[in-house]
Amino acid sequence: MRRGWMMSLMAVTWLSGSAPVWAQSPRRVGLVMGYPAALGVLWQVTDGVAVRPDVTLNRSTTETTSTTTVIGGTQTATTTSDGWTTSVGLSGLLYLGPSQDDLRFYLVPRAAYVWSSTNVESSPSLPQLGPYESDSEGFLVSGSLGAQYAVHERFRLFGELGVSYTTQESDTGYTLSRSRLETSSFGLRSGIGVVVYF
């Protein structure tokens, strides 16, 4: 009888020690850091469904100086471009495998609102035209297949690959001359990142 209890205890200890990391973690909310650069939050609603809001912000400044040689001397012009791009998105993670597995595959439908702005100024400037400006906004929808691996109860590594469709409207031109442009694009989408659970 005593021997049976000892064997049962050893079996339970062994099973609990070899259980997957994912199964041992009751954590439901984590911070997501991904590439391309994005910051978000992952909320594990159920074992099979999670939601992931995210935000991106990119700022760039470029200054170009050109020198032209003409008869009688040289002319120097400086062009400064200042722009930023922002997006706010929401993804749903639909898991395909058992919640006890360290490695889990999932489907990722995603929608995002994207807007950007660029301002270009030249020196010497053209007063009759003013600075060049470009403002755009649009939507992105995508579908991907992802894989998530539990390195530790607090850490998950993930990678995703899929397709995306983007449609945007742009308002570009100078102060006195503006034009409106509608564009759409279709292509591949990929990303990698880490989830740090609280």
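The values are calculated or read from the model by the stated rules, or taken from the named source; none is laboratory data. Please read these numbers as outputs of a predicted model, since none were measured by experiment. Quick reminder, even Gly has a Cβ in these numbers, built from the backbone with ideal geometry, and neighbours come from all protein chains shown.
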- line: Those residues of the stretch 165-194 which are among the small types (Gly, Ala, Ser) and without any contact (Cβ under 8 Å) to a residue 24 or more places away in the chain amount to Ser179, Ser184, Ser185
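One residue is enough: does the stretch 64-85 have a residue meeting the conditions exposed (fewer than 14 other Cβ atoms within 10 Å of the Cβ), in contact with a Gly (Cβ under 8 Å, 6 or more places away or on another chain) and in contact (Cβ under 8 Å) with a residue 24 or more places away in the chain? Break it down stepwise before answering.
Taking the stretch 64-85 as the starting set, the residues that turn out to be exposed (fewer than 14 other Cβ atoms within 10 Å of the Cβ) are 64-78.
Among the residues that remain, those that are also in contact with a Gly (Cβ under 8 Å, 6 or more places away or on another chain) are: none.
Looking for residues that are exposed (fewer than 14 other Cβ atoms within 10 Å of the Cβ), in contact with a Gly (Cβ under 8 Å, 6 or more places away or on another chain) and in contact (Cβ under 8 Å) with a residue 24 or more places away in the chain, one finds none in the stretch 64-85, hence no.
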Check on Arg28, over 30 Å from Phe105 (Cα atoms) and exposed (fewer than 15 other Cβ atoms within 10 Å of the Cβ): no
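Based on this model, can you work out whether Thr61 counts as at pLDDT 80 or above, under 28 Å from the mean Cα position of the chain (by Cα), in a loop (DSSP other than H, G, I, E, B) and not aromatic (Phe, Trp, Tyr)? Walk me through it before giving the result.
On the way: at pLDDT 80 or above: yes; under 28 Å from the mean Cα position of the chain (by Cα): yes; in a loop (DSSP other than H, G, I, E, B): no; not aromatic (Phe, Trp, Tyr): yes.
So Thr61 does not fit the description; no.
Looking at the stretch 102-115, can you tell me whether even one residue there is out of contact with any strand residue (DSSP E or B) (no Cβ under 6 Å at 6 or more places or on another chain), of a type in the set (Asp, Glu) and not in a strand (DSSP E or B)? Step through it out loud before you land on a result.
To start, the set of residues in the stretch 102-115 that are out of contact with any strand residue (DSSP E or B) (no Cβ under 6 Å at 6 or more places or on another chain) comprises none.
No, there is no match, as no residue in the stretch 102-115 is out of contact with any strand residue (DSSP E or B) (no Cβ under 6 Å at 6 or more places or on another chain), of a type in the set (Asp, Glu) and not in a strand (DSSP E or B).
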task: Among residues belonging to the stretch 130-171 that are closer than 19 Å to Tyr197 by Cβ and acidic (Asp, Glu), point out the one that is surrounded by the most Cβ atoms within 10 Å (Cβ to Cβ).
output: Glu160
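Is it the case, given these coordinates, that Ser81 is part of a strand (DSSP E or B) and at pLDDT below 90?
On the way: part of a strand (DSSP E or B): yes; at pLDDT below 90: yes.
Criteria met by Ser81.
What are the residues in the stretch 134-178 that are of a type in the set (Val, Ile, Thr) and closer than 19 Å to Pro36 by Cβ, if any? First the steps, then the outcome.
Pass one, the stretch 134-178, residues of a type in the set (Val, Ile, Thr): 141, 151, 163, 166-167, 172, 175.
Result: Val141, Val163, Thr166.
Have a look at Leu96, Leu140 and point out the one that is touching a residue at least 24 places away in the same chain (Cβ under 8 Å) and not aromatic (Phe, Trp, Tyr). Steps first, answer last, please.
Numbers: Leu96 fails: touching a residue at least 24 places away in the same chain (Cβ under 8 Å).
So the residue among Leu96, Leu140 that is touching a residue at least 24 places away in the same chain (Cβ under 8 Å) and not aromatic (Phe, Trp, Tyr) is Leu140.
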field: Options Ala38, Ala11, Ala50; residue that is touching an Asp or Glu at 6+ places or on another chain (Cβ under 9 Å) and either surrounded by 13 or more Cβ atoms within 10 Å (Cβ to Cβ) or modelled with pLDDT under 75 (or both)
entry: Ala38
query: Which members of the stretch 116-147 meet the condition of being modelled with pLDDT under 95 and of a type outside the set (Ser, Thr, Tyr)?
result: Asn119, Val120, Glu121, Pro124, Leu126, Pro127, Gln128, Leu129, Gly130, Pro131, Glu133, Asp135
